[in-house]
1. Is the shape of segment 141-235 rounded, prolate or oblate, going by the alpha carbon gyration tensor and its root eigenvalues a ≥ b ≥ c, with a/c under 1.5 for rounded and a/b larger than b/c for prolate?
2. Once fully extended, how much extra length lies between ALA104 and GLU125, figured as 0.36 nm per residue of separation less the alpha-carbon to alpha-carbon distance?
3. For the chain, give the magnitude of the charge dipole about the Cα centre (Cβ charges: +1 Lys/Arg, -1 Asp/Glu; no others), in debye to the nearest 20.
4. What does the charge count near TRP43 come to, summing +1 for each Lys or Arg and -1 for each Asp or Glu among other residues with Cβ under 14 Å from its Cβ?
5. Given charges of +1 on the Cβ of Lys and Arg and -1 on the Cβ of Asp and Glu, with all other atoms neutral, how large is the dipole of segment 54-166 about its Cα centre, in debye to the nearest 20?
6. What FRET efficiency do you get for THR26 and LEU54 if R0 is 41 Å and r is their Cβ-Cβ distance, rounded to the nearest 0.05?
7. Checking understanding here: applying a Kyte-Doolittle mean of at least -0.5 and a length along the axis of at least 24 Å (C-alpha), which whole DSSP H helices in the chain pass?
8. Give the residues of segment 106-123 whose amide nitrogen is closer than 17 Å to a point set 7 Å from the Cα of HIS212 in the direction of its Cβ.
Amino acid sequence: MMTLSKLDFTHVKRDDAEVDMVHEQTPFFDPVFRDKFDALVQWRRDVRRFKADLVDAAEIDQLIAQACLSPSVGNCQPWRFVLVNDPEMRAAVRDNFAHFNAEALAAYSNNRAALYARLKLAGLEAAPVQLAVFADPNTPYGHGLGRRTMPEMLQYSVVGAIQTLWLAARTRGLGVGWVSILDPELVNEALDVPATWRLIAYLCVGYPLEEHTDPELQRAGWQGRVDPAAFLFRR
C-alpha cells in the first residue's frame, strides 16, 4: 500500500493573538449573527453542478482545519480526509457510481423510475475538488471513551465534521455534494487506503453553477420538505 501523504497546513492563516483573544472571551452571538446563521443553513445545499473554476488549495486546507474542530466521542478525532487528485482514481470512483446508480434505477419502476433517470445525483464529472472522508476505527486517540455501548458514535463524529466542513464551505462561496451511491469497499481499493477505514462520505467541492435555497430533489419532484413538527415527539 502506498504511503498516504498528509495535508500541508503550513500556509493556513493564523493570528495567534486573535486566537488567544477568542479563547479568553465568552462569545456573544447577536440576532444579526443568528439571522445570518439561519441563512447559512438554508443556503447549504447538496450541490451537483459545478463551475470549472479551480479552488485554491489553501481554501481546502482551511476547511479541513475547521472540520477538525468538530466534537468527537472521547476526543478520538477519527476523521481521515483523502484529497483525490489522481485521474485514474477519480475514474474508478465514477465507474463505481455509474454501476450502482444503474442498479438503483433498476430497482424503481414506472413513473418513479422515469423521474429517477432524470435526477442529477453527482457532480463527479465537473467538481474540481474531490474529497473522500473516512472513519478510522483504530484511531489511537480517545482511549475508547464514550463508545463502549454505542461504537457507532465514532462514525457519527465524522458525520459531524462533514457538516462543519459543509457549512464552512458555504461561507466561502463553495458548494459541496455528498455522493452516496458507491460501494465503500471498492472506494477503499481504488484510493489505496487501509481496508479497516470506513467510508463515510465522498464529497465533490467547487463553486456552484446554480444557487438555490430549496433542495434539488424537492425541485425535481422527488421528495418535498416535511414539517419539522412531524419529527418531534414529546414524552
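1. Oblate, since a/c reaches 1.5 and b/c is not below a/b.
2. On the way: separation 21, 0.36 × 21 = 7.56 nm, distance 1.94 nm.
That works out to 5.6 nm of additional length.
3. Numbers: 25 positive and 30 negative charges, 182 e Å.
The calculation lands at about 880 debye.
4. Values: positive: LYS36, ARG44, ARG45, ARG170, ARG172; negative: ASP35, ASP38, ASP46, GLU210, GLU211, ASP214, GLU216.
Around TRP43, the surrounding residues sum to -2.
5. 460 debye
6. 0.55
7. TM-like helix candidates: 87-106, 153-171.
8. Backbone N within reach: 115-123.
Each value in this text was obtained by applying a stated rule to the coordinates, not by laboratory testing. In this text, all values refer to a predicted model and were calculated from it rather than measured experimentally. All Cβ positions, glycine included, derive from the backbone under ideal geometry; neighbour counts span all protein chains shown.
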